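Notes to accompany the following structure.
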Amino acid sequence: MMKPLFATVLVSVMAAFAVQPLFAAEAGSDLAGNGALSDSPLLQGSLSDSSLSDSSLSDGPKVHERVLDNGLKVLVKRDARAPIVTSQVWYKVGSSYEHGGVTGVSHALEHMMFKGTERLAPGQFSRIIAENGGDENAFTGRDYTAYFQTLAADRLEVAFELEADRMRNLALPADEFAKEIEVVKEERRLRTDDDPEALAFEQFNATAYAASPYRNPIIGWQSDLDVMNIETLRDWYQMWYAPNNATLVVVGDVDPTEVFALAEQHFGPLESGPAMQPRPREEPLQRGEKRLSVAAPAKEPYLLMGWKTPALADAEQRWEPYALEMLVSVLDAGASSRFSRDLVRGDRIAASVGASYNAFNRLSGMLLIDGTPAKGVSVEALEEAILAQLERLKSELVTEQELARIRSQLIAGKVYERDSVFYQAMLLGQLETVGLGWELVDETVEQLSAVTPEQIRSVAQRYLIQENRTVALLEPQALDAADAPPATAMTGGARHVD
């Protein structure tokens, strides 16, 4: 479900390592790259064994932390079940750091990070990792850019040497950029312009957000990509790529003391960069429902709705984001959830319908619901049915039986999470990079399990209101149409309440 909302390289990365993201990028984060959408975060799988409890998860391996003199934070977690290690470098920069005229620069720079340094030729980084039996890749999100390698544990120094080299010594050859920017443009055409649901989602974000940098696509607007040059990338690299703006995460069959020594050896000599902070761009109060229609070649209509909601970083009440996560779980947490049970299998109003919300963003985002009506059902009828489900959440308390099922899934997710060293590292890196701190990994299940039915009803009543809503409708056009009409947006509503 919600394919365009998670059209991300992150999800394909997780699939490659046979895991699902517990803290997926917010539905709508649209990490530039490959991948397909999974169901809502925290909701993969089911668990009938009620003997598991969150207390059984508290004895996991310890995370060791050290900050080098140049500001690089190093996190190490030992997992000796297999002789492998994953090494990840997370930079505190993504599309939400960009401004008009340079959208897409973070993602374009990610591509160029594989195109050579002062001592390595283009492509040599990847060849060295492959020759050492490893895998490597990268992904760009709204709030971060991350690079990773998974290798045999005794090959960790190879990854450190390569990553330290390109952290401050990237070559950025103009001839390689001229080729790579065309690859980025083709990626945009394939994954956005030629995907009607992704196109609708892009237009939705641009309409829903008035000032937040989340309104811009991670891959960038086409007009900005057309004029992007190597000097723009070089300035961006020098501004943000520095040890004091990065976190190095290592998980696997390693000794933390030895990892810190290797980090000091390879990253320690690097000079710190400028102490950059993104300029705050707070989203103003929404003052009425926004509606837009997007006309594009497609087989089926598509509905996307979103409500502005706080993230954990800026919520007035710390419990509210967790309550929103649980609310989404009630609606869309597998075959037993209300959307699947009532709208897909029960009334057969929807061919597919999903919900998503992520509390773990750097900035406030949205709770999103999307769907495709069943054959013979209008998109208006689907919207009405979804809104009826939300009204039920406002008027009736969620049953303890429903919450017990969701809590079991959360605990199961934490258990399965330990099967992947990559996934463990990703959670630490993501939370640290968005400013929440890696320690939150061990608190999340407990916080979610403490959410009450009254709290779920409270956030539904406060945030899931018409004045706070944006609605996008994809209007299918003939698939053989050479030129689809341009998307149009209509903003309505005289009353404005957040």
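The values are calculated or read from the model by the stated rules, or taken from the named source; none is laboratory data. This structure is a prediction, so every number in the text was calculated from the model and none was measured. Please note: Cβ atoms are built from the backbone with ideal geometry, for glycine as well, and neighbour counts cover all protein chains shown. Ligands, DNA and RNA are excluded from the accessible area calculation, which covers all protein heavy atoms including side chains. Shrake-Rupley method; radii C 1.70, N 1.55, O 1.52, S 1.80 Å.
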Positions within the stretch 126-143 being farther than 21 Å from residue 236 by Cα and not β-branched (Val, Ile, Thr), in sequence order: 126, 127, 130, 131, 132, 133, 134, 135, 136
Residues of the stretch 115-151 classified as open to solvent by 40 Å² or more (accessible area, probe 1.4 Å) and in contact (Cβ under 8 Å) with a residue 60 or more places away in the chain, total: 3
The stretch 192-204 residues that are over 8 Å from residue 472 (Cβ atoms), paired with ones that are assigned to a loop (DSSP other than H, G, I, E, B) and not small (Gly, Ala, Ser) (beta carbon under 7 Å, 6 or more apart): 192/217; 192/219; 202/217
Checking residue 293 against (1) within 21 Å of residue 475 (Cα to Cα); (2) open to solvent by 30 Å² or more (accessible area, probe 1.4 Å); (3) of a type in the set (Ser, Thr, Tyr), the condition it does not meet: (2)
Odd one out for residue 204 among (1) part of a helix (DSSP H, G or I); (2) over 18 Å from residue 94 (Cβ atoms); (3) open to solvent by 30 Å² or more (accessible area, probe 1.4 Å): (3)
Residue pairs meeting the criteria (Cβ under 8 Å; at least 6 apart or on separate chains; first farther than 30 Å from residue 70 by Cα and open to solvent by less than 60 Å² (accessible area, probe 1.4 Å), in the stretch 273-289; second aliphatic (A, V, I, L, M) and at pLDDT below 80): 288/494
Conditions (1) open to solvent by less than 20 Å² (accessible area, probe 1.4 Å); (2) of a type outside the set (D, E, K, R); (3) in a helix (DSSP H, G or I); number of the one not met by residue 219: (3)
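Per-residue answers, yes or no, for (1) within 16 Å of residue 379 (Cα to Cα); (2) β-branched (Val, Ile, Thr); (3) open to solvent by 10 Å² or more (accessible area, probe 1.4 Å):
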residue	(1), (2), (3)
299	yes, no, yes
314	no, no, yes
320	no, no, no
326	no, no, no
337	no, no, no
Residues (open to solvent by less than 50 Å² (accessible area, probe 1.4 Å), farther than 17 Å from residue 268 by Cα and of a type outside the set (Gly, Ala, Ser)) located in the stretch 152-186: 170, 172, 173, 176, 177, 180, 181, 184, 185
Failed criterion for residue 189 (all others in (1) surrounded by fewer than 16 Cβ atoms within 10 Å (Cβ to Cβ); (2) touching a Pro at 6+ places or on another chain (Cβ under 7 Å) hold): (2)
